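Heads up: the structure comes next, in structure tokens.
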Amino acid sequence: MSDRYCVIGNPIAHSKSPEIHVAFARQTGQDLAYERCLAPIDGFADTVRGLIEQGYRGANVTVPFKLEAFALATRLRERARVAGAVNTLVFEDGEIVGDNTDGPGLVADIVQNAGVPLAGKRVLLLGAGGAARGVILPILQHGPASIVMANRTRATADALAAQFAGHAAHAGQVAACGFEDIGGQVGSQVEGAFDVVINATSASLSNALPPVPAAAFREGALAFDMMYGKALSPFMEFAAQHGAIARDGLGMLVEQAAEAFALWRGVRPATGDVLATLRSRL
Ligand code: ATR
């Protein structure tokens, strides 16, 4: 029988993960099955235990279970521990190993697919929730000049910056501010425009624009929205109107899946064709 995997979420019917992993398996000649798994809102842990009993080898985890997956894991990879959230589970040797491939997926999409190196760049990260937290370490590993976290609730951004200060390569590489401070405070990390602006707020879910000033975007900056859809998000539209190159989160979705697939199967699939197919079906 094929090795079995699934994506656990609630809701889950919309998930593109089965399509992506089936395409990866076909491409790499791996014998596996991959399904959607709807877990009851109060039944994540029981669902995972059931999968293990049925012999599943691993699972992806999506909204709203990434924090519960973090709590349930018996062993955590460093990037999951630092992110405080788990999107990939590996069931091996009686352990539930938790990893997080969202951040590496975002960085792979920016650096490899968009061709924008992060080394030496000024990065502005909007939001300070789970989605933001997961990408900070992978970005720092690419050696940006700085990463500034801006959040509506300033205190959350401050706490996040303090948490990651120990991972910085130099003083001031990690900083926090409120949206109203972006571009201001002469002589500080927030002064001037940014090379890469990442929207990790959940604003796009409600079709809202986070209050980022137009001056945040350097001409030709990369404006990245973690969300994707047929239409541009308000953030992508706003960024494009102010000289930035807007990019949605579809490539990040495919890259986080490729990273999970590599963890499970030990082979790294190519992502270009899968991304193009998904894009054509949006
Ligand atoms: P996720 O796990 O997707 O990051 P979350 O932990 O609920 O979800 O975090 C949502 C983030 O989006 C927060 O940073 C939130 O700001 P607050 O900390 O001030 O709540 C941010 N956010 C949500 N809607 C927003 C909006 N309309 N404008 C700006 N920021 C918004």
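The values are calculated or read from the model by the stated rules, or taken from the named source; none is laboratory data. All values reported here derive from a predicted model rather than from experimental measurement. Positions of Cβ are generated from backbone atoms using ideal geometry, with glycine treated the same way; all protein chains shown enter the neighbour counts. When the accessible area is computed, the model is the full protein with side chains, heavy atoms only, and any ligands, DNA or RNA have been set aside. Shrake-Rupley method; radii C 1.70, N 1.55, O 1.52, S 1.80 Å.
Data table
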{"read-out": "Test item: Cα-centred dipole of the chain, Lys/Arg +1 and Asp/Glu -1 on Cβ, debye", "value": "220 debye"}
{"read-out": "Residue (of Gly129, Val148, Phe217) at the positive-pole extreme of region 103-249, dipole from beta-carbon charges", "value": "Gly129"}
{"read-out": "Listed residues Val197, Asn113, Ala239: farthest to the positive end of the dipole of region 103-249 (Cβ charges)", "value": "Asn113"}
{"read-out": "Cβ charges +1 (Lys, Arg) and -1 (Asp, Glu), total dipole of region 103-249, debye", "value": "180 debye"}
{"read-out": "Where no second cysteine Cβ lies under 4.7 Å, the cysteines concerned in the chain", "value": "Cys177"}
{"read-out": "Lys, Arg +1 and Asp, Glu -1 on Cβ, resulting dipole of region 144-231 about Cα centre, debye, nearest 20", "value": "220 debye"}
{"read-out": "Of Ala159, Leu253, Ile52, farthest towards positive along the dipole that unit charges on Lys, Arg, Asp, Glu beta carbons give the chain", "value": "Leu253"}
{"read-out": "Region 169-282, accessible surface, carbon-and-sulfur percent (1.4 angstrom probe)", "value": "54 percent"}
{"read-out": "Region 156-260: trypsin sites (Lys or Arg not before Pro) in DSSP loop, at most 16 other beta carbons within 10 Å", "value": "Lys230"}
